[in-house]
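To start, the structure under review is shown below, and the notes come after it.
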């Protein structure tokens, strides 16, 4: 009888402690970052399903409604949403400073999802009026995100490598969003001078290199050592990789925007900054104490694709994207950078992060504890890795050669891998929203770490 009375008391005490923890640190224990991940997975699944059907238009010429819609589904709906979710949880933990307006993150997510959906939908139908109106909504969401991030990151700028890189990355996100809005508005009112493709290239590099690549560089400098346990430490001059990359991106963006000469010089400087980053990561991988897992394999594949995109980017800075050859290179460059480099890193990191976030959210709700292993499905990971990167290689080769059937076949393989990955990941994320537990957690002999 005493045991039966004690158990409900312990449960009540546990739930009360969880509620106090959640109220004191809602982003760390709550589900806000997971909301971002769910939105990102839905956009990624949509992009994966559409990719084989849009690839013929990409092979024809990338600056068309359908390719632009797909590109922004990947960059805004998938990549940026994941990065925002990770930063909402990681930045306050890294800086040990609470986010100033934690509840505003939910408002930001709603506004962000509306803005991205509006941009993608209006790109698909080619209505520029709707695109720049949706861009205004998106910028509001970005400003809310920036305010929350700056309050944590600003005191650590110049001291921490990850903090400095993420601060600069958010600045580039604001620049990229503002320029994107301006370019869309120019389509309605024709007030912006310069060449359409070079203006677009400026926006692309502010977003893809200044925002996303900068975040990946900054975060991987802190996260990969935790996954690899290398025998070498991060060099003190790593922060100069961040500064050099930021300066080169700004130089390239303004050179393209103002129609100045020297774009290849800035492109080469970006590549040199990334070579220093790759060298640092390579030394960590070589000296690792942990065996290679699928997180590390995706990271290594991402570095390989970074090399491919760097070569294509330098060539593109000389040829431009107006000719048939330049357009092929630009399309292959987008595939290699957005999918090969950035998406590989995100997929790999998600294997380590998402299940942990779910387990923490369940603890915050006072639900039955579930381990990271029980929340993970490792069996599809080899297929996802091979189909995603193999399909990408075929698609890039097909785009460069102008062989559309090969590009479509590669895109189909990417799409299948993306749908499998998204489905498995959504299964993992679902346990943050329901009391049910995975089948692996129903074994009576299981051991749950305290």
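The values are calculated or read from the model by the stated rules, or taken from the named source; none is laboratory data. Computed from a predicted model, the values in this text were never measured in an experiment. When we count neighbours, we look across all protein chains shown, and the Cβ atoms used for this are built from the backbone with ideal geometry, even at glycine.
Side notes on the structure shown:
- Restricting attention to segment 128-167, the residues that are surrounded by 19 or more Cβ atoms within 10 Å (Cβ to Cβ), free of Cβ contacts under 8 Å to residues at least 24 places away in the same chain and within 30 Å of residue 236 (Cβ to Cβ) add up to 1.
- Per the listing 355, 440, 359, the residue uniquely out of contact with any helix residue (DSSP H, G or I) (no Cβ under 7 Å at 6 or more places or on another chain), assigned to a helix (DSSP H, G or I) and closer than 23 Å to residue 223 by Cα is 359.
- Test for residue 369: is it at pLDDT below 90, within 23 Å of residue 433 (Cα to Cα) and in contact with a helix residue (DSSP H, G or I) (Cβ under 9 Å, 6 or more places away or on another chain): yes
- Hey, residue 224 buried (at least 21 other Cβ atoms within 10 Å of the Cβ), within 24 Å of residue 339 (Cβ to Cβ) and at pLDDT below 90 or not: yes
- Taking the listed residues 331, 317, the one that is in contact (Cβ under 8 Å) with a residue 24 or more places away in the chain and within 22 Å of the chain's Cα centre (by Cα) is 331, with no other qualifying.
- Matching helices (runs of 4 or more DSSP H) fully within segment 32-135 where at least 2 residues are closer than 22 Å to residue 358 by Cα and modelled with pLDDT of 95 or more: 32-60, 81-95, 104-125
- Cβ-Cβ under 7 Å pairs, at least 6 apart or on other chains, segment 173-188 side touching a residue at least 60 places away in the same chain (Cβ under 8 Å), far side part of a helix (DSSP H, G or I) and surrounded by fewer than 19 Cβ atoms within 10 Å (Cβ to Cβ): 188/128; 188/129
- Among the conditions (1) more than 21 Å from residue 77 (Cβ to Cβ); (2) in a helix (DSSP H, G or I), the only one that residue 200 does not satisfy is (1).
- Residue in segment 204-227 that is touching a helix residue (DSSP H, G or I) at 6+ places or on another chain (Cβ under 9 Å), over 23 Å from residue 81 (Cα atoms) and free of Cβ contacts under 8 Å to residues at least 40 places away in the same chain present: yes
- If you go through segment 237-251 and keep only what is more than 22 Å from the chain's Cα centre (by Cα) and under 16 Å from residue 159 (Cβ atoms), you end up with 237, 240.
- Condition met for residue 410 (modelled with pLDDT under 95 and part of a helix (DSSP H, G or I)): no
Okay, residues lined up against (1) out of contact with any helix residue (DSSP H, G or I) (no Cβ under 6 Å at 6 or more places or on another chain); (2) assigned to a helix (DSSP H, G or I):
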residue: 241; (1), (2): no, yes
residue: 244; (1), (2): no, yes
residue: 249; (1), (2): no, yes
residue: 254; (1), (2): yes, yes
residue: 257; (1), (2): no, yes
residue: 260; (1), (2): yes, no
residue: 282; (1), (2): yes, yes
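- Evaluated against (1) buried (at least 20 other Cβ atoms within 10 Å of the Cβ); (2) modelled with pLDDT under 90; (3) over 24 Å from the mean Cα position of the chain (by Cα), residue 295 falls short on exactly one condition, (3).
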